[in-house]
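The block underneath contains the structure these notes are about, expressed in structure tokens.
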């Protein structure tokens, strides 16, 4: 019996011996991990950092809690005393810098011809979008319907067309929007000619914002060709906005002299207090019924705020717009039947301006806004006419992609109705060959400037 009992205890002894051995291995492993994890200097070479020395953080209870050893996951942390190293953002940036991954590639010079070839190649390789089926040509009836306002005056015999633009931002080419390209100053000129075929006289104005800020050389190149094209269109008045002065007063005065550009402003003055431009211009129109109408076009801009950069050394002064208008409007009213105010304001700011003018605002039946309100839905922009009391507030387009068209009906020297519309300058509008050379010369001069700039880098 005793012999059998000893034999029965042998398996239990073996199990106990195995259990003790396993515990010993675990304890020894934990101790080794503790030794490895203690603070020390590591000289293990790094393929990106090189064989430099770095201080490692100590381990707590055989597990990495911070520093160079961080667990891959919660499960691996519970089973393994060591984990993969995770580098901080600063260390990763240092690795990239030493590996040369953040080195800026050296720019090489490029000729104007090569740049033009690159643009043509990119255009040919551009994938068609879901809007690629937009028509490029339409019938004359469809085109004229695109230009007409949705409502019509009672009598076209006593009406004139008011074409107004604003916020061009040095843009005279079509936008590069692949989904819906719009614009082109040659198509804008064609729209004016098509509307003129109706027989009504036209009044063309620009409410300002034609210079993109900051006013760098490409921006000024675009404005020069815009000014030349507007002068060829025989625009009646061009307002001076606060953003247009970011290149200095001398730049605008040079445009006025070079292209006979009809600039107007009631509150922009030189440093010595003199008016920099005429406060208003009077245009005389002959309606289809034979009657004549005199329209005074007054320009004004809001003061410079933090959103609009000023010239490095301003050679101008923007005075109080309310005080300037209270002085100018009575004079303009004596020389005209009614007044159109070109205001470099957003449509949201115009009601406050009219309120400050008080009774003087009654002499302003139409205000054309020059500043663009960003961040709105498309319907907000297409609905470009609002009533503020007895005054119509009109808004133009953005970067030359739209042009405003309002049919203004006049009776006994007073405006009786307005039919407004914001016309999108679609690609199916034909180009005016008299104005297409402006786009060609602009692109050639801009490419030459870019090529010369890159060759200096």
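Okay, here's what the table says:
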read-out: Distance (nanometres) between label positions extended 7 Å along Cα→Cβ at residue 355 and residue 456; value: 4.9
read-out: Virtual spin-label span in nm between residue 216 and residue 148, 7 Å along Cα→Cβ; value: 4.6
read-out: Within segment 402-428: backbone nitrogen closer than 12 Å to the residue 289 label point (7 Å, Cα to C-beta); value: 409-417
read-out: Residues 139, 170, 417, sorted so that the one with the fewest Cβ neighbours within 10 Å comes first; value: 139, 417, 170
read-out: Whole-angstrom gap from segment 282-306 to segment 189-245, using each part's C-alpha centre; value: 15
read-out: Cα gyration tensor, segment 135-271 - rounded (a/c under 1.5), prolate or oblate; value: oblate
read-out: Gained length - residue 441 relative to residue 387, 0.36 nm times residue gap less alpha-carbon distance; value: 15.3 nm
read-out: Which of 146, 405, 164, 180 has the fewest Cβ neighbours within 10 Å, and the rest in rising order; value: 180, 146, 405, 164
read-out: Separation of the residue 180 and residue 323 label points, Cα + 7 Å toward Cβ, nm; value: 4.5
read-out: Footprinting exposure proxy for 328, 360, 136, 395 (fewest neighbouring C-beta atoms within 10 Å first); value: 136, 360, 328, 395
read-out: Pairwise FRET efficiency - residue 334 versus residue 118, Cβ, R0 = 41 Å, nearest 0.05; value: 0.10
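Bear in mind these aren't lab numbers, they're just calculated from the coordinates by the rules spelled out. Computed from a prediction, not measured in an experiment: that's the story for all the values here. Glycine gets a Cβ as well: all are built from the backbone with ideal geometry, and neighbour counts include every protein chain shown.
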